[in-house]
Structure formats: C-alpha cells, structure tokens
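Trainee: Sharing a structure with you now.
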Amino acid sequence: MNEADKIRQVMRIREQVVPADRRWMNCVRFSAANSKEHEIKKAEICFELTKNNNYFITEARFINGGRCDILSLTEENGICYEIVHSESEKSILKKQSRYPFPLVIIKA
C-alpha cells in the first residue's frame, strides 16, 4: 500500500469515530476508570503500533455507540484492541457487537 492509499484508509476508518475523538490520533489517553496495569498495557500496545508506523486512537468512541481501548487506523479495515482482565465472555461479546471493526482481545 502506498502512502496515499494508507492515508485514504486512515480517513475512511476515522469517519466511524465521533468527531471530538478524531483529533486525538496517535495520542495515548488514559482513563481513571481503569487500573494502572490496564493503562500501562494500553501504552505498550500504542508504543508498538507507533514503532510500526500505525495510526491509532485511544478511548475511541464510535458514532454508532461503543468505545474501544485502542482503534488501529492503519491495519487493514481497522482493528479494535480491547484490554481485559476479569471481564466475562458475555461482556466481551456485547462490546464486539457494538464495534464497527474486528476485535482483538488482549489479556492483561
């Protein structure tokens, strides 16, 4: 994929995020509602995405509802990363149904 195609893909995926969150591309945003371990894992994933020249949005809220920990804008068709520790399978499936992109579960 050339750079122009990459930017078009990023913009297309970004359109699924509420406008207020779009400006936070490649910024690691923390949530006080999560544990320190959760937030450290989020920062580690974002660091790896950055090393691989990927664009991302943390705490991305979608226009159709739902919020994921990290939305990768560069991976083909977008990928939601959700960091879980003690969530039930039912809770994870519910989240997945609200996300417009495939979900990757990261155990922390």
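What follows is calculated from the coordinates using simple rules that are stated; it is not laboratory data. Model, not experiment: these values are computed from the prediction. Note that each Cβ is placed from the backbone with ideal geometry, even for glycine, and that neighbours are counted across all protein chains shown.
Trainee: Can you tell me how many residues in segment 1-19 are in contact with a strand residue (DSSP E or B) (Cβ under 8 Å, 6 or more places away or on another chain) and either within 16 Å of GLU76 (Cβ to Cβ) or in a helix (DSSP H, G or I) (or both)?
Mentor: Counting residues in segment 1-19 that are in contact with a strand residue (DSSP E or B) (Cβ under 8 Å, 6 or more places away or on another chain) and either within 16 Å of GLU76 (Cβ to Cβ) or in a helix (DSSP H, G or I) (or both) gives 3.
Trainee: Can you name every residue in segment 35-48 that is free of Cβ contacts under 8 Å to residues at least 24 places away in the same chain and either over 11 Å from THR58 (Cα atoms) or in a loop (DSSP other than H, G, I, E, B) (or both)?
Mentor: LYS36, ILE40, GLU44, PHE47, GLU48
Trainee: Residue check, GLY65 against (1) within 12 Å of the chain's Cα centre (by Cα); (2) exposed (fewer than 14 other Cβ atoms within 10 Å of the Cβ); (3) not hydrophobic (A, V, I, L, M, F, W, C), all met but one. Which one?
Mentor: (1)
Trainee: Give me the pairs, please: first residue somewhere in segment 51-66 and touching a residue at least 12 places away in the same chain (Cβ under 8 Å), second residue anywhere and outside any loop (DSSP other than H, G, I, E, B) and among the acidic types (Asp, Glu), beta-carbon distance under 8 Å, and either six or more positions apart or on two chains.
Mentor: Partner pairs satisfying both residue conditions: ILE57/ASP21; THR58/ASP69; GLU59/ASP21; GLU59/ASP69; ALA60/ASP21; ARG61/ASP21.
Trainee: Residues to consider are ALA60, ALA43; find the one that is surrounded by fewer than 16 Cβ atoms within 10 Å (Cβ to Cβ) and among the aliphatic types (A, V, I, L, M).
Mentor: Working: ALA60 fails: surrounded by fewer than 16 Cβ atoms within 10 Å (Cβ to Cβ).
Selected residue: ALA43, the only one of ALA60, ALA43 that is surrounded by fewer than 16 Cβ atoms within 10 Å (Cβ to Cβ) and among the aliphatic types (A, V, I, L, M).
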